[in-house]
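The values are calculated or read from the model by the stated rules, or taken from the named source; none is laboratory data. For clarity, every value in this text was computed on a predicted model and none was experimentally measured. In this analysis, Cβ positions are derived from the backbone assuming ideal geometry, glycine residues included, and neighbour counts consider all displayed protein chains. Accessible surface areas use protein heavy atoms only, side chains included; no ligands, DNA or RNA. Shrake-Rupley method; radii C 1.70, N 1.55, O 1.52, S 1.80 Å.
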Amino acid sequence: MALQTGLYYPYVHLRDETWAKAAALYWRNLARVVPEGFPVRDHAVVKELNEGSGFLIDRDPRPAAVAVAPAFVAAVRDNAEALRARFDVEDRRFTSRWQSAPMLAPSTRDLTGLYPEEVPEELEETLREAGLAYRDWRQTVGDQQVSWVVVDPAFAWAYKCAITEELARRTAFTPVTDQLDAYTAGGGWSAGRIADTLLGRTVPAVGRDTAESRMAMMAVKCVLPADLRHVPADKIVRLRTDYADEFTAFSAAVEAATADVLGATQQVTDRAAFELHLQGAFDHHLALPLDKLRKAINGLKLDTVYTTLTIRPEVSVPGAGLAWLLGGGTATAVGTGIAFAALATRQAVARERDSMVASSPVGYLLRVEKELKPATVLKRAGRVLARTAGVGI
């Protein structure tokens, strides 16, 4: 069974509130890298997701930073001149905010900052001697002034990814990011790989190490409404708690799909080919079963309507209902009989529907799709009545 804890990188704060909601629909917990003393300032939506379900877990990167620092020290010392040509920090503006994923090319973009607690002393000293870093106190987090080790954003990006890989190895958490251009957090950050990555000498990795998180997010996103940004965080929290069993079955399906694609691509080195295998496993394990479940549920609805209308074909259901409301004698009795028969049928269908959803590995996805679908007040009321009657999810 999947361990169900993602490890968010390369930032401390979740940058995209919509992504955070989607992530909360799959990851039981999301760990993030928070250096000791760092002033966390989460957005209101992220706070609500966390307070309602204990979603976020903070992890101190210091032990992982100490482990990866020697490789970065070696990479810098062995390639100081070439790295300085690309990432020299002299006469460049510093802002602690990373605007986007940096491209690995000679850079004139604004500099960014690493928190000192995640940069061991030897590494900081090596970077400063090479002209790749300096210390600054001008930028703040919220209302708190913070000291920074100022570097080129491309260097900071690679360093954060290396720390993430080491932390993932120590915790068995799965690296996950909302940044499409992030380097893979796996593959081993040796001094050689660090230099090759920073100097643009590497080909992007196939991406096996992020296969599970990508598979999960592909599945969740296929059932999310377009305006997830407007879905209240408390509704996300309710889905996580109310359908815990379906959530567990879905997690197992994601793990099976991931194992399938990884087993079939052990020798694959072509990224495009790996992407095709990933999509194929997603379709087989998740997309097709979800489509079949939708069709099965829709079939139950049609059968319910048909049964209700043919219990007593000689009686008009609308007429019987009207006579019942007006106190119409025999017609009332017939209408009442139809109503009770229909209710019993619908309750049986409701039980069958719930059994289908609960036993399906993608039942949780159907819950997400139905619960988060936009609706007017009238439609929401109708959905409640439909579920009560046994014809809604």
Hey, what's segment 1-61 come to in accessible area per residue, 1.4 Å probe, Å²?
37
Solvent-accessible surface ranking, highest first, for E125, E371, E51 at 1.4 angstrom:
E51, E125, E371
Rank these residues by their accessible area, most exposed first, probe 1.4 Å: K47, K370, K292.
K292, K47, K370
Going residue by residue through segment 241-257, the Karplus relation 6.51 cos²θ - 1.76 cosθ + 1.60 with θ = phi - 60° gives ³J(HN,Hα) values, rounded to whole Hz and with x marking Gly or Pro, of 8, 6, 10, 4, 5, 4, 4, 5, 5, 5, 4, 5, 5, 5, 5, 5, 5
Report, by chain and number, residues whose modeled amide H sits under 5 Å from the one on L7, excluding near sequence neighbours (fewer than 5 apart, same chain).
A31, T174, V176
Probe 1.4 Å, all protein chains present, accessible-area order of S251, S359, S147, largest first
S359, S147, S251
Please report the spacing between the Cα centers of segment 122-136 and segment 236-273 in Å, no decimals.
41
Cα-based Rg then Dmax for segment 191-296, in Å, read 17.4, 55
Can you order the peptides 263-270, 5-12 by their average number of other Cβ atoms within 10 Å per residue, highest first?
5-12, 263-270
When the accessible area of segment 1-81 is split by element with a 1.4 Å probe, what percent falls to carbon and sulfur?
47
Can you give me the long-range amide H partners of D60? Hydrogens built in the peptide plane at 1.01 Å from N, cutoff under 5 Å, separation of 5 or more residues or another chain.
V34
